[in-house]
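Below is one structure, written out as structure tokens; the observations come after it.
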Amino acid sequence: MEAGGNALDAVEQGVRVTESDKTNLSVGLGGFPDRDGNTTLDACIMNHKNQCGSVGFLQYIENPISVARKVMEDTPHVMLVGDGALEFALSKGFTKSDFKSDEAQKAWKEWLKTSEYKPIINRENHDTIGMIALDAEGNLSGACTTSGLSFKMRGRLGDSPIIGAGLFVDNEVGAACATGLGEAVIRIAGSSIVVELMRHGYTPQEACKEAVERLIKKHDNQVENLQVGFIALNKNGEWGSYSVYSGFNVAHRDLENEKLVDSEFNRPW
Ligand code: ASP
């Protein structure tokens, strides 16, 4: 963006780095598989004009975020999933990759020994990458991409490909993105709530905190092992983050600074 690029290109290129990192176990093709051993990817992207695109349950494609952008730009739709998303990606020139991470496959085989199905978000919070940006034109965009919960049920989608849950951008107000247990984020329409709170005067920090507190309340305080974190950015470039548990961190970059920040949280892990 310093070189004049826009926020949309920046967030797409930014999360592609993590998607293409084959050692990352929770984003991209290197991610943990579902309980049948297949890695399925979810991603969405949104720009300053409320245009958005999403892919879910997508296999074999290294950069789902770029397929999501194509859905946004080249179709009249917002979401494509499964084989339809794959066919669309191939028709747009994306190549099929059979890459499987040895480490993720090994962990899956270990998991198979008990096959205990208990969706848990662990305290290593690198489960999804969400990136939101404000460019020199004053325009906001966001991107979100994940391999989802490890050893999830086949076909399970979390919040990350869902506009309003995993990601929301309103260029009049701000942008927000979520990570953590997708089911919990969907139940409160997480990212859209954060943006809506900012519309009503909350700072990004206050909005993330209020959304987390609401999420905890809506789960009757039963949030054992339920980690969720939000990041938010408003039109003035102010930003914030908040999570249920400690251990969630956020990378922040502006013209002067680049830093990794431990997020504020509701309770220690
Ligand atoms: N939000 C993702 C999902 O539920 C996973 C995560 O961020 O940990 O699929």
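The values are calculated or read from the model by the stated rules, or taken from the named source; none is laboratory data. What you see is a predicted model; the values in this text were computed from it and never measured. Neighbour counts are summed over all protein chains in view; Cβ atoms, including those assigned to glycine, are modelled from backbone coordinates with ideal geometry. Protein only, heavy atoms only, side chains kept; ligands, DNA and RNA dropped before computing areas. Shrake-Rupley method; radii C 1.70, N 1.55, O 1.52, S 1.80 Å.
Quick look at the values:
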| quantity | calculated |
| --- | --- |
| For the range 43-93, alpha-carbon Rg over 2.2 N^0.38 Å | 0.99 |
| Cross-link reach list, lysines versus residue 113, counting only Cα pairs under 18 Å and skipping chain neighbours closer than eight places | 152 |
| The range 46-118, relative contact order [Cα under 8 Å, separation at least 6], % | 29 percent |
| Debye intensity ratio in log₁₀ form over the Cα atoms of the range 174-218, taken at each q of 0.25 Å⁻¹ | -0.82 |
| Linear extension gain, residue 110 paired with residue 269, 0.36 nm per residue minus alpha-carbon span | 54.7 nm |
| Pair-distance profile P(r), taking every C-alpha pair of the range 121-269, with 10 angstrom steps and integer % | 13, 46, 34, 7, 0 |
| Only Lys, Arg (+1) and Asp, Glu (-1) charged, at Cβ; the chain dipole about Cα centre in debye | 760 debye |
| Compactness of the range 65-162 as Cα Rg over 2.2 N^0.38 Å, two decimals | 1.31 |
| Selection of GluC sites (Glu not before Pro), the range 1-68, meeting DSSP coil and at most 16 other Cβ within 10 Å | 2 |
| Per-residue SASA entry for residue 117, accessible area with 1.4 Å probe, Å² rounded to 10 | 80 Å² |
| Kirkwood estimate for the range 7-109, i.e. one over the average of 1/r between Cα atoms, Å | 13.7 Å |
| Relative contact order for the chain, counting Cα pairs under 8 Å that sit 6 or more residues apart, in percent | 18 percent |
| Candidate aspartates and glutamates - alpha carbon under 19 Å from residue 70, same-chain residues fewer than 8 apart omitted | 9, 12, 19, 42, 62, 83, 87 |
| Theoretical ellipticity at 222 nm over the chain - DSSP helices of four or more residues, -39500 (n - 2.57) apiece, nearest 500 | -8500 deg cm²/dmol |
| Cα Rg, Dmax (largest Cα-Cα span) when computed across the chain, Å | 17.3, 53 |
